[in-house]
Amino acid sequence: MGDDEEEVRRVVARADVAFNRGDLETYLDAYEPDVLIMVEPGKALQGRDALRTAMQGIIASGAQVTQLASQVMACGDLALWVSRWRVEWQDRSGRSVLRESCASSLFRKGMDGAWRVVIENPWSPCLRMDFAPRESEVRGAGVQTG
């Protein structure tokens, strides 16, 4: 594994430690200011400020995130992080909640040499069930329709 892949792993590890400590601002340091992130299947937000608003509650709840398995590939100033993760917390009624999924994150190496997430889908295997490609998109891809 190269230095860039190792550095991406360190960025993720620092973000996870910050998340688990409830340190929202340090957690957000792992993201580009204009990050595009799928906060739930079918719902994307853009920008670190929108991400801050979306993550405040879960981070304040004492949630704990764990990377179960991961792979990273880097090429030039881009890196792809793919992982299986778990997050656990207690909801307002005190009931334990556990979520697991797979994430795909595109990192970009900035002019300052720091790797940050520019696009992230922490729900990679989840697609909106109402998604259907337009017939012209299917035809353009060389697929025969009806």
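Here LEU36 clears all of (1) open to solvent by 50 Å² or more (accessible area, probe 1.4 Å); (2) more than 13 Å from GLU120 (Cβ to Cβ) except the condition numbered (2).
Restricting the range 93-146 to residues that are surrounded by 12 or more Cβ atoms within 10 Å (Cβ to Cβ) and modelled with pLDDT under 50 leaves a set whose member that is farthest from ARG48 (Cα to Cα) is ARG139.
Results for (1) touching a residue at least 40 places away in the same chain (Cβ under 8 Å); (2) open to solvent by less than 30 Å² (accessible area, probe 1.4 Å); (3) out of contact with any Lys or Arg (no Cβ under 9 Å at 6 or more places or on another chain), shown as yes or no for each residue.
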site	(1), (2), (3)
VAL12	yes, yes, yes
ASP49	no, no, yes
LEU68	no, no, no
MET73	yes, no, yes
ASP77	no, no, no
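When the range 26-49 is filtered for residues that are assigned to a loop (DSSP other than H, G, I, E, B), more than 19 Å from ASP16 (Cα to Cα) and either modelled with pLDDT of 95 or more or touching a Ser or Thr at 6+ places or on another chain (Cβ under 8 Å) (or both), only GLY47 remains. Restricting ARG108, ARG84 to those that are out of contact with any helix residue (DSSP H, G or I) (no Cβ under 9 Å at 6 or more places or on another chain), assigned to a strand (DSSP E or B) and farther than 21 Å from LEU36 by Cβ reduces the list to ARG84.
The values are calculated or read from the model by the stated rules, or taken from the named source; none is laboratory data. Worth saying up front: this structure is predicted, and the values here are computed from it rather than measured. Counting neighbours? That spans all protein chains shown, and the Cβs are built from the backbone with ideal geometry, glycine included. The protein model used for the area step is the full one, side chains on, heavy atoms only, and it has no ligands, DNA or RNA in it. Shrake-Rupley method; radii C 1.70, N 1.55, O 1.52, S 1.80 Å.
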